[in-house]
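Student: Below is a structure I'd like to ask you about.
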2 protein chains.
Amino acid sequence: MTPQRASVKDVAAAAGVSVGTVSNVLNRPERVAARTRAKVEQAMEELNFHRNASARQLRAGVSRTVGAIVMDVGNPYYTELARGIEDRLAVDDHTLILCSSDDDPRREARFLRLLAEQGVRGVLVTPMSTTKDRLSALRRLGIPSVLMDSSSRDHASVGVDHVSGGRQAVAHLLAQGHRRILFLAGQEELQQTRHRLKGAVDAIQSAGLDPSEVLKVVTLPALTANDGQQGLIKALESGWGPTAVFCMNDIVALGAMRELRRSGLAVPSDMAVVGYDDLYLAAELMTPLTSVRQPMRQLGWAAADLLLTDTPHVLFEPELIVRASSDFLRR
Amino acid sequence: MTPQRASVKDVAAAAGVSVGTVSNVLNRPERVAARTRAKVEQAMEELNFHRNASARQLRAGVSRTVGAIVMDVGNPYYTELARGIEDRLAVDDHTLILCSSDDDPRREARFLRLLAEQGVRGVLVTPMSTTKDRLSALRRLGIPSVLMDSSSRDHASVGVDHVSGGRQAVAHLLAQGHRRILFLAGQEELQQTRHRLKGAVDAIQSAGLDPSEVLKVVTLPALTANDGQQGLIKALESGWGPTAVFCMNDIVALGAMRELRRSGLAVPSDMAVVGYDDLYLAAELMTPLTSVRQPMRQLGWAAADLLLTDTPHVLFEPELIVRASSDFLRR
DNA sequence: GTTCCGCCGTGAATCGATTCACGGAGTTGT
DNA sequence: ACAACTCCGTGAATCGATTCACGGCGGAAC
């Protein structure tokens, strides 16, 4: 009945050895004679010994925890990312501190301070506009950082090739015979928007067609189902008569499909729909949704790997998952 | 250009005072003359000083981080919980280490070991069957724990009143005139299943009806859309002819609605549907889904509060959000 | 003028794990 | 038999923040 935590000293006393030996058992077991090691291990067992991470880290000067700051933990997309990070950290017995910036610079700043105090081994961030300055402050403290879901040449980063994602989505629609494609896009400031648009244009040009005739862009105020619905309404009213819509993400696609159903248009025969992110629910909808899947878990893994082992930058390839919402054959 | 972290000693040297004084500035500023304090604060600023949490915690013996282990961070339901925890911890300047057990006892055990080594101030857990033994091991180390989403008399806990949730859902369906109600339930071992069932039975009895005639339970192997769909098929084949279905969660409801649409049944005129959890997507579906909302953020806040301040147990009241899937008027 | 007190500031001791220079014991080679 | 090694274990020093017993100093009280 010891409500106290046992320390190496206690273990040493119980096993009749010195603290140095206990430490050796923990860190270089091969340097300790088998008999002694057994004694020490038994003592640790009996005392329910757990090494004190603080003391360990204080001495070592280097921590076994890593911080990650993502935009919004409520978004499954980011939790999948976190999961990849965690899996990679587990390999080297590190721990993850996961923080949600909620797009709020003050929250981000607070977390960076906390992480600095924790003396984390490094920080992984999905950057917002103001992030970079703060990261250089961390660097001055000797704490490295990696940008996630963002490509940057002057910073370690892992990203997804959104040009390729946009290209795959639109190439697929073109292959299905569509010649008037609507792009329900995010704000232009978003790197993701620009890259996907570029990919879409690429695909159209590669098919020998004129982007200005084939593609029409509607910029949404926010990436919500409602704005997706409104965006589609606006596009339909314009009289251009698109036969396919490429949505900035699956939630937007959800809103678009809602409007299609409301106005009696069938998917995909009257209008094909392609989303982005391949959220869990994409496959579960009435009409399963074609979507561009981002390898978030691998992305997280790569980010953590980059931090721990200093491997080079990584750019992942997204993958188009074709389902009934854009494919006549599967209808 | 100091790639090193500054310590209290460095600050003391820069400000021309002793380390004790620097520490006093940090922890009992009122004990330090204003002039001295200003000098020290300026030195801290110049050196970009951050206190070393490890050293702090080693000395203090008590940590400013809290661990939380949830079933699945991929589930928005749990991230909302995490968010409530984090908000409460922020008030007392604590940090959260969030872990996902994935229903895997080995993962849970690993995280509990890591958290014990971190010497966390406490642990918040959404328990699985094998959890309790491990928590008592923690208690022997002096680390308190709180169960979340679970009521327990021999353990600090915060929960949601699932009896009330079940009662509200079924009372609503009864009020809409339904007299044959299907319950697509989770495994019986789940406390949640038993409580909701009890609430459903309560509601029926309160209405002066016979539960054995009004309610039929189908137990699903897993709480997925597919199993929800299969469960509904099975119930329809039985010929009982329910006019309403109460689903264990929104994902199950999604599967059920998919099957209804496939077989040409209209919601809610042929069949009313009620879900549970009120996920984000509930409101965004073709037919917006009536669902029982759990105050997850408040629950998280309460759990953290209980840990930090030792307030008494808490049981939250869920709230039925009525939408078109169960309400003729809103159709 | 002596005593007492409060105000400020000091610096050594402390927390627990790790490291490393050191040395005792035993083995091998010549 | 003695040097040269290896093998194994020791214990003091270290990391950085905090605490606390202590003391210097100035002012107030008698």
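Student: Could you grab me the full set of residues in the range B:17-54 that are of a type in the set (A, V, I, L, M) and away from every other protein chain (no Cβ under 14 Å)?
Tutor: Residues satisfying the conditions are B:VAL17, B:VAL19, B:VAL22, B:VAL25, B:VAL32, B:ALA33, B:ALA34, B:ALA38, B:VAL40, B:ALA43.
Student: Here's another thing I want to ask about it. For the range A:20-35, enumerate the residues that are charged (D, E, K, R) and more than 7 Å from DNA strand D (Cβ to nearest atom).
Tutor: A:ARG28, A:GLU30
Student: Further question on the same structure: Pick from the range A:183-218 the residues that are basic (Lys, Arg) and in contact with a helix residue (DSSP H, G or I) (Cβ under 6 Å, 6 or more places away or on another chain): which of them is least open to solvent (accessible area, probe 1.4 Å)?
Tutor: Filtering first and then ranking leaves A:ARG196.
Student: Return the residues of the range A:272-295 that are surrounded by fewer than 24 Cβ atoms within 10 Å (Cβ to Cβ) and over 24 Å from the mean Cα position of the chain (by Cα); say none if nothing qualifies.
Tutor: Matches in the range A:272-295: A:MET286, A:THR287.
Student: So, one more: For the range B:55-138, give me every one of the strands (runs of 3 or more DSSP E) that falls completely inside it and has 1 or more residues that are within 11 Å of chain A (Cβ to nearest Cβ).
Tutor: Once the strands (runs of 3 or more DSSP E) in the range B:55-138 are filtered for at least 1 residues that are within 11 Å of chain A (Cβ to nearest Cβ), what remains is B:65-70, B:95-100.
Student: Any idea which of A:LEU265, A:LEU215, A:LEU285 is touching a strand residue (DSSP E or B) at 6+ places or on another chain (Cβ under 9 Å) and among the hydrophobic types (A, V, I, L, M, F, W, C)?
Tutor: So the residue among A:LEU265, A:LEU215, A:LEU285 that is touching a strand residue (DSSP E or B) at 6+ places or on another chain (Cβ under 9 Å) and among the hydrophobic types (A, V, I, L, M, F, W, C) is A:LEU215.
Student: Between A:ALA156, A:ALA137, which is more than 28 Å from A:ASP327 (Cβ to Cβ), open to solvent by 10 Å² or more (accessible area, probe 1.4 Å) and touching a residue at least 60 places away in the same chain (Cβ under 8 Å)?
Tutor: A:ALA156
Student: May I pose another question? Hey, does the range A:71-90 have a residue that's at pLDDT below 90, open to solvent by less than 50 Å² (accessible area, probe 1.4 Å) and within 16 Å of DNA strand C (Cβ to nearest atom)?
Tutor: No, because not a single residue in the range A:71-90 is at pLDDT below 90, open to solvent by less than 50 Å² (accessible area, probe 1.4 Å) and within 16 Å of DNA strand C (Cβ to nearest atom).
Student: Considering the range A:34-70 alone, what residues qualify as being at pLDDT below 90 and crowded, with 21+ Cβ neighbours inside 10 Å?
Tutor: A:SER63
Student: Taking the residues in the range B:1-33 that are open to solvent by 60 Å² or more (accessible area, probe 1.4 Å), at pLDDT 90 or above and not in a loop (DSSP other than H, G, I, E, B) as candidates, determine which candidate is farthest from DNA strand C (Cβ to nearest atom).
Tutor: Among those that are open to solvent by 60 Å² or more (accessible area, probe 1.4 Å), at pLDDT 90 or above and not in a loop (DSSP other than H, G, I, E, B), it is B:ASP10.
Student: Right, B:ARG37: within 16 Å of DNA strand C (Cβ to nearest atom) and assigned to a helix (DSSP H, G or I) or not?
Tutor: So B:ARG37 fits the description; yes.
Student: So which strands (runs of 3 or more DSSP E) are wholly in the range A:235-331 and hold at least 2 residues that are in the same structural domain as A:GLY177 (by TED's automatic domain parsing) and more than 30 Å from A:ARG153 (Cβ to Cβ)?
Tutor: The qualifying strands (runs of 3 or more DSSP E) are A:244-247, A:272-277.
Student: Let me ask you something else. Quick check on my filter: what residues within the range B:62-91 are touching a helix residue (DSSP H, G or I) at 6+ places or on another chain (Cβ under 9 Å) and within 14 Å of DNA strand D (Cβ to nearest atom)?
Tutor: Of everything in the range B:62-91, those that are touching a helix residue (DSSP H, G or I) at 6+ places or on another chain (Cβ under 9 Å) and within 14 Å of DNA strand D (Cβ to nearest atom) turn out to be B:SER63, B:ARG64.
Student: Can you say whether A:PRO318 is closer than 19 Å to A:GLY186 by Cα, in contact with a helix residue (DSSP H, G or I) (Cβ under 7 Å, 6 or more places away or on another chain) and open to solvent by less than 20 Å² (accessible area, probe 1.4 Å), as far as the supplied structure shows?
Tutor: Here the answer is yes, as A:PRO318 does meet what is asked.
The values are calculated or read from the model by the stated rules, or taken from the named source; none is laboratory data. From a predicted model like this one, the values you see are computed outputs, not experimental measurements. Reconstructed Cβ throughout: ideal geometry from the backbone, glycine too, with neighbour counts over all protein chains shown. Note: areas computed on protein heavy atoms with side chains; ligands, DNA, RNA excluded. Shrake-Rupley method; radii C 1.70, N 1.55, O 1.52, S 1.80 Å.
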